[in-house]
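In what follows, a structure is listed as C-alpha cells, so that the remarks can point back to it.
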Amino acid sequence: MSTQANLDAYWKTNLRYLTILLSIWFVVSYGCGILFVDALDKIHFFGFNLGFWFAQQGSEIIFVILIFVYVNLMNKLDQKHGVAEA
Amino acid sequence: MSILMWTWIIVGLTFALYIGIAIWSRASSTGEFYVASKRVHPIANGMATGADWMSAASFISMAGLISFIGRDGAVYLMGWTGGYVLLALLLAPYLRKFGKYTVPEFVGERYYSDVARVVAVICAIFVSFTYVAGQMRGVGIVFSRFLEVDITSGVFIGVGIVFFYAVLGGMKGITYTQVAQYCVLIVAYLIPAIFISIMVTGNPIPQLGFGSTVSGTGGVYLLDKLDGLHKALGFAAYTAGTKSTIDVFFITAALMVGTAGLPHVIIRFFTVPKVADARKSAGWALFFIAILYTTAPAVAAFARTNMITTLNDQPYASAPSWFKNWEETKLISWTDKNGDGIMQFRGKNAPDGLENELKIDRDIMVLANPEIAQLPNWVVALVAAGGLAAALSTAAGLLLVISTSVSHDLLKSIMMRDMTEKQELLAARIAAGFAVAIAGYFGIHPPGFVAQVVAFAFGLAASSFFPIIILGIFSKKVNKEGAIAGMLCGITFTAAYIIYFKFINPGANSPASWWFGISPEGIGTVGMMVNFVVTLVVTKFTPPPPENIQHLVENVRVPIEL
C-alpha cells in the first residue's frame, strides 16, 4: 500500500486534520483568551467571566483534549492507509 | 516532630529513591545514554516530560506570579501548555520517526550541512545553560529555606545528586528518576492546594473551587470577591488585564513556540518505541502538566484572597503565626508607615489614601501555603521535596542536552569521527560531568542577569529551532542556504532586541519605545517570523536540496519505513 498516490492521500488528510485542530487551538487561546477576552468577559460562566476562564483554565483543558483527538484520528488514518507500525 | 526533622527525612528518602533508580538504570551503551534505548512507555515518558518541563520556577514561583498580575498571568498558563499542541501535531512524531539522538543531528542531516548542525549545537548549548543556572540556584534556595543550610552547601548537595544519576544513567537514569520526581512534585503541589480550596470554598477540587462561592459569604463567587477586594484597596481588578493585547498575544506565542523548540523537551520524544507512542506520549505529557497548570491559577486566587483577608487591616500584634515564621526569611515584611500598629495592604491608588505597608514576595504564595492552611508539618516538608524534585529533574534534562551536543554532535560527528562507541560513551559522561560542574558554579555565583535571560532562552528557541524543524518536515524544497540564513537572522534579530532593552539601554525598556508595543519577552515571535521569511526567500534563489533529502522528508512523514 505504499504507492505514491496512497502516501499523498495520507499526507493530505493529515494536513487537513492539522488545519482543523490548530484552528481550534488558535481560536480558544489567542481568540477567546486574548483577542476577544474583554467581550467574552461580559458573559458569566459559573463563577467565572468567560474570557478569563478561557485564558486561565479553559484553553489548557482544551489543549489536552485536542492532542488526544489527534492521536485517535492519526491512529485510524495510519490503519486506513496501511502505514501503521507493527 | 518538627518541620526541620520532617524535611530532612522526606528529602533524604526522595534522594535515596533517586540514587536507587540511578543504580538500577545505569547506561551501558550510547543508545541507552542518549535515548534510553527507545524503550520508555509513553505514559512513563509523559510523566518524565512533565517533570523535565516543570522547573523550580513553575513549582515555586508561578502561582505567586499569577496572583500578583491577575488575568495577564494567562500568558504563562497558555504559553507554557499550548506549545505541547504544536509539539504533538507538528514535531514529535516526525522527529521520532527520524530516529536519531539529538535535535542538531536532525538539522544537520535534513539540511545536509555541518554548518547548520554547528549553529544548532550552539543554540542548544546556550539555551540549556541559561536555564540550568536558574535550576541549581533554586535547589540552593530550597535547601537554605527549609533545611537551614547555606545556599552554597545546598547547591553542592544538588550537584552531587544530579552528577550521580545523570553521569551514571544518562537518559535512562534521568527518565526513571524524572518519573519518580513527577510523582513527588505533583503530590506536594496538590495536597496543600486541596486543603486551601476546602478552606476557602468548601470544594475539594481546586479547579472547581476556583469558580465556586466563598464559604460563609452567602453565595459570593471567589473571583467576584477578589475583584471587590482589589478595587477597595486600589488595585486593578484581578480578572482584568493590564498589559496591552498585542503584547499578551506576542508573549504567549513566544512562550508556546519556544516550548515546542526547546531541545530538552523535544528529545524526550525520542525515547519511546514507536511514532504512534510519540503522539500519545505528548498527550500524556500535557495531561500531567495540566494537572499542575490548572491548579496554579486556583492557588493564586485562593492565596491572594487569603493574604488580603487575613493580613490587611489587622493589628500586627495578632498576625497569624505563619506570618511571623516567614518574616524571618524576609519573604514578607511590614513597615508601619503611619504608626498605627495595623498592617495596611494597598495598591497605588487606594480610595482611602493610605500607603501600602506590606511587602510580599511572590514565592511565599506556594511555600507558605501549608502553614496558612494549618496543615501538619510533614506537608511542609513535602513541599520542600517537591521544589527540589522540580529543580533537579529539569536540571538533569538540560544537562543531558549539553552533554549529547558535545559528545555526539561535536566530537563524534564532526571533530573525531573515528571514535569507538565506548569512547563516545565516556566522552558523553565527561561532558555531563563538566556541565554539572559549570551549572553548579552558576548556581553559587549566579550571573546578575539570570532573570533577564529567561526571555532569551525562549526567544532563541522560538527564532532558531522551531521554524527550521517545521519547514524541514513540511517542505521538501527548503534548502541549507535558506535554513542557515534563516536561523542566523532569526537569532540575531531576537538577541539584538533583547540585549538592547535588557542590557544596553534598560532605561528605554517600556511600552513607549518597544516596536509596536512588543516587549523583549514577546519578541521571539517576531524572530520566528523573520526566520520563516528569510528561509523561504533565500531558498527561492538558491539550488534545491539533493534528491536523497526529498526521500528523507517523505520517509519522515509516515510511521513505517518506506
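Laboratory data are not the source of any read-out in this text; all were calculated from the coordinates shown. What you are looking at is a predicted structure, and each value in this text was computed from that prediction instead of being measured. When we count neighbours, we look across all protein chains shown, and the Cβ atoms used for this are built from the backbone with ideal geometry, even at glycine.
Of note:
- Three-way shape label, the stretch B:510-562, alpha-carbon gyration tensor, a/c 1.5: oblate
- For a label point 7 Å along the Cα-to-beta-carbon line of B:L17, residues of the stretch B:151-181 with backbone N under 16 Å: B:174-181
- With 0.36 nm allotted per residue and the present C-alpha distance subtracted, the B:D340-B:M5 stretch has 116.7 nm of extension available.
- Each of the peptides B:120-127, B:377-384 was scored by the mean count of other Cβ atoms within 10 Å over its residues; in descending order, highest first, they stand as B:120-127, B:377-384.
- Tensor-based shape of the stretch B:424-562 (alpha-carbon gyration tensor, a/c under 1.5 rounded, otherwise prolate or oblate): oblate
- Between B:E547 and B:Y316, the distance separating the two model label sites (each 7 Å from Cα on the Cα→Cβ line) works out to 8.3 nm.
- Within 10 Å of the Cβ of each residue in B:278-287, the mean number of Cβ atoms contributed by other protein chains is 5.
- For the residue pairs A:K76/B:K540; A:K80/B:K172; B:K477/B:K502; A:K76/B:K38; B:K243/B:K337, the alpha carbons lie more than 26 Å apart in A:K76/B:K540; A:K80/B:K172; B:K477/B:K502; B:K243/B:K337.
- 10 Å Cβ neighbours from other chains, averaged over peptide A:12-19: 1
- Per-pair calculated FRET efficiency, R0 = 45 Å: B:I198 and B:F516 via Cβ, rounded to 0.05: 0.50
- Helix axis angle, B:377-404 relative to chain B longest principal axis, alpha carbon, degrees: 20 degrees
- The angle between the Cα long axis of helix A:59-80 and the main principal axis of chain A comes to about 10°, on a 0 to 90 degree scale.
- Restricting the chymotrypsin sites (Phe, Trp or Tyr not before Pro) of the stretch B:451-542 to loop positions (DSSP other than H, G, I, E, B) with no more than 13 neighbouring Cβ atoms within 10 Å leaves B:F541.
- On Cα atoms only, tilt of B:421-444 relative to the major axis of chain B in degrees: 30 degrees
- Model label points for A:T19 and B:R417, set 7 angstrom from Cα along the Cα-to-Cβ axis, are 4.3 nm apart.
- Cα-based shape type of the stretch B:188-310, given that a ≥ b ≥ c are square roots of the gyration tensor eigenvalues and the cut on a/c is 1.5: oblate
- Treating r as the C-beta distance of B:L536 and B:S28 and R0 as 51 Å, the FRET efficiency rounds to 0.70.
- In order along the stretch B:297-313, the Karplus-derived 3J(HN,Hα) couplings, from 6.51 cos²θ - 1.76 cosθ + 1.60 at θ = phi - 60°, round to x, 5, 4, 4, 5, 4, 5, 5, 4, 4, 4, 5, 6, 8, 10, 5, 6 Hz, and Gly and Pro are given as x.
- Residue mean of other protein chain beta carbons inside 10 Å, B:555-562: 5
- Fully extended contour minus Cα-Cα distance, from B:V115 to B:N325, at 0.36 nm per residue: 70.1 nm
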